[in-house]
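Student: Encoded as structure tokens, here's the structure I'll be asking about.
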Amino acid sequence: MSSIGAKSFYFYEGKKPPSHLTLSEPNYFQHEGLHLPKKGLTMLYGNRGPGNLIGAAVRHAAANEIGIGLVEAKVNIGEWTPDKARLDGFSRCRVLNLPARASKEVMDDVNKRWNTWLALEGLPPEKFPRKPSLRMDFLDKLVEQEPYSQLNAIVFDAMSIFGLARFVTIYNLDAIERDSVIVIPRNLTKVDFEIPG
């Protein structure tokens with residue numbers, strides 16, 4: 001089994017971090033018009049996402065004289081493949097990395113569905129997943145449909161107030177490898193993961 005890494009940060013008052021924390025509602029300096037998924041837990045992914053946003057979070061904590069903590073976890077994705085994701089491969093590799101690791105077949109299929117949902121809301125077509133969208137909540141609709149319902153997580157680009165960042169929405173919380181969770185500072189905080197309410 002293979003896994004991918006996901007990261008988050010949290011703020012706290014005083015000198016001591018909380019003894020317990022539930023990660024649920026994302027707060028990553030998102031672009032004002034960005035609609036993130038609600039049926040999965042959204043965290044930061046890769047180097048581009050966490051680097052810019054965690055740096056911004058550290059500066060925010062320092063400027064506001066509050067504490068900051070970091071959480072890292074691994075997410076089981078099944079069998080990793082070096083090939084770009086295909087529609088018939090989600091039963092083996094349970095992560096879809098848009099757009100970097102998706103075949104033309106997958107990107108065209110996602111785009112067709114995306115534009116159908118946009119049209120139903122009276123919105124113009126977009127080029128997602130080839131270009132970022134503000135309607136990332138449509139991922140919730142995508143994972144309800146075959147073959148996407150087999151996925152544990154979807155990685156995507158989205159806008160923050162500091163520019164483009166990489167996010168991952170985890171739809172199967174059982175795929176989070178609990179023994180991989182690292183909390184800084186010094187694992188003083190017990191972390192639970194929860195779908196947004």
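The values are calculated or read from the model by the stated rules, or taken from the named source; none is laboratory data. Keep in mind that what you see is a predicted model, and the values were worked out from it rather than measured. Neighbour counts are summed over all protein chains in view; Cβ atoms, including those assigned to glycine, are modelled from backbone coordinates with ideal geometry.
Student: If only one of GLY33, GLY14 is part of a loop (DSSP other than H, G, I, E, B), over 24 Å from GLU144 (Cβ atoms) and out of contact with any Ser or Thr (no Cβ under 7 Å at 6 or more places or on another chain), which one is it?
Tutor: Values: GLY33 fails: over 24 Å from GLU144 (Cβ atoms).
Within the list GLY33, GLY14, the selection yields GLY14.
Student: Inspect the range 69-86 for any residue being of a type in the set (S, T, N, Q), at pLDDT below 95, within 24 Å of GLU177 (Cα to Cα) and more than 13 Å from the chain's Cα centre (by Cα) and give the result as yes or no. Spell out how you get there, then give the answer.
Tutor: Within the range 69-86, the subset of a type in the set (S, T, N, Q) is 76, 81.
From what is left, the residues that are at pLDDT below 95 are 81.
Those left that are additionally within 24 Å of GLU177 (Cα to Cα): 81.
Of the ones still in play, those that are also more than 13 Å from the chain's Cα centre (by Cα) are 81.
There is at least one residue in the range 69-86 that is of a type in the set (S, T, N, Q), at pLDDT below 95, within 24 Å of GLU177 (Cα to Cα) and more than 13 Å from the chain's Cα centre (by Cα).
Student: Here is a list: ARG113, ARG135. Which entry is within 16 Å of GLY40 (Cβ to Cβ) and within 21 Å of the chain's Cα centre (by Cα)?
Tutor: Matching residue, one of ARG113, ARG135: ARG135.
Student: Residue check: is VAL110 closer than 21 Å to ASN152 by Cα, touching a residue at least 60 places away in the same chain (Cβ under 8 Å) and surrounded by 14 or more Cβ atoms within 10 Å (Cβ to Cβ)? Full working, then the answer.
Tutor: Working: closer than 21 Å to ASN152 by Cα: yes; touching a residue at least 60 places away in the same chain (Cβ under 8 Å): no; surrounded by 14 or more Cβ atoms within 10 Å (Cβ to Cβ): yes.
So VAL110 fails the test.
Student: Among the residues of the range 146-173, which ones are surrounded by fewer than 16 Cβ atoms within 10 Å (Cβ to Cβ) and assigned to a strand (DSSP E or B)? Full working, then the answer.
Tutor: First pass over the range 146-173, keeping only residues surrounded by fewer than 16 Cβ atoms within 10 Å (Cβ to Cβ): 146-147, 149, 161-164, 173.
Scanning the range 146-173 gives GLY163, LEU164.
Student: All but one of (1) over 19 Å from SER24 (Cβ atoms); (2) surrounded by 20 or more Cβ atoms within 10 Å (Cβ to Cβ); (3) of a type outside the set (D, E, K, R) hold for ILE176, so report the exception by its number.
Tutor: Exception for ILE176: condition (1).
Student: Ok, one more. Restrict the check to the range 72-88 and report whether at least one residue is among the polar types (S, T, N, Q), touching a residue at least 24 places away in the same chain (Cβ under 8 Å) and under 24 Å from MET43 (Cα atoms). Before the answer, list the steps.
Tutor: Step one: filter the range 72-88 for residues among the polar types (S, T, N, Q), giving 76, 81.
From what's left, touching a residue at least 24 places away in the same chain (Cβ under 8 Å): 76.
Now drop any that are not under 24 Å from MET43 (Cα atoms), which leaves 76.
The answer is yes; a qualifying residue exists.
Student: Where the second residue is part of a loop (DSSP other than H, G, I, E, B) and the first is among the aromatic types (Phe, Trp, Tyr) and lies in the range 123-134, which pairs have Cβ atoms under 9 Å and are six or more apart or on separate chains?
Tutor: Cβ pairs passing all conditions: PHE128/LEU98; PHE128/PRO99; PHE128/MET136.
Student: Which of the residues spanning the range 25-40 are at pLDDT 95 or above and small (Gly, Ala, Ser)?
Tutor: GLY40
Student: Give the number of residues within the range 44-99 that are buried (at least 17 other Cβ atoms within 10 Å of the Cβ), of a type in the set (S, T, N, Q) and more than 23 Å from ASN111 (Cα to Cα).
Tutor: Residues flagged as buried (at least 17 other Cβ atoms within 10 Å of the Cβ), of a type in the set (S, T, N, Q) and more than 23 Å from ASN111 (Cα to Cα) within the range 44-99 amount to 2.
Student: Go through the range 119-140 and count every residue that is out of contact with any helix residue (DSSP H, G or I) (no Cβ under 8 Å at 6 or more places or on another chain) and either within 21 Å of ASN152 (Cβ to Cβ) or in a helix (DSSP H, G or I) (or both). Steps first, please.
Tutor: Looking only at the range 119-140, we keep the residues that are out of contact with any helix residue (DSSP H, G or I) (no Cβ under 8 Å at 6 or more places or on another chain), and these are 119-123, 131-132, 134, 136-137, 139-140.
Now restrict to residues that are either within 21 Å of ASN152 (Cβ to Cβ) or in a helix (DSSP H, G or I) (or both): 119-120, 136-137, 139-140.
Total satisfying the criteria: 6.
Student: Of a type in the set (A, V, I, L, M, F, W, C), buried (at least 16 other Cβ atoms within 10 Å of the Cβ) and touching a Pro at 6+ places or on another chain (Cβ under 8 Å): which single residue out of ALA119, ALA102 fits that description?
Tutor: Working: ALA119 fails: buried (at least 16 other Cβ atoms within 10 Å of the Cβ).
None of the others qualify; the one that does is ALA102.
Student: Quickly run through the range 17-30 and pick out the residues that are part of a loop (DSSP other than H, G, I, E, B), touching a residue at least 12 places away in the same chain (Cβ under 8 Å) and under 13 Å from the mean Cα position of the chain (by Cα). Spell out the reasoning first.
Tutor: We begin by selecting, within the range 17-30, every residue part of a loop (DSSP other than H, G, I, E, B); these are 17-19, 24-29.
Next, from what is left, pick out any that are touching a residue at least 12 places away in the same chain (Cβ under 8 Å): 17-19, 24-26, 28-29.
Within the range 17-30, SER24, GLU25, PRO26, TYR28 meet the criteria.
Student: Report yes if LEU96 is within 21 Å of SER133 (Cα to Cα) and part of a helix (DSSP H, G or I), otherwise no. Full working, then the answer.
Tutor: Numbers: within 21 Å of SER133 (Cα to Cα): yes; part of a helix (DSSP H, G or I): no.
No, not satisfied.
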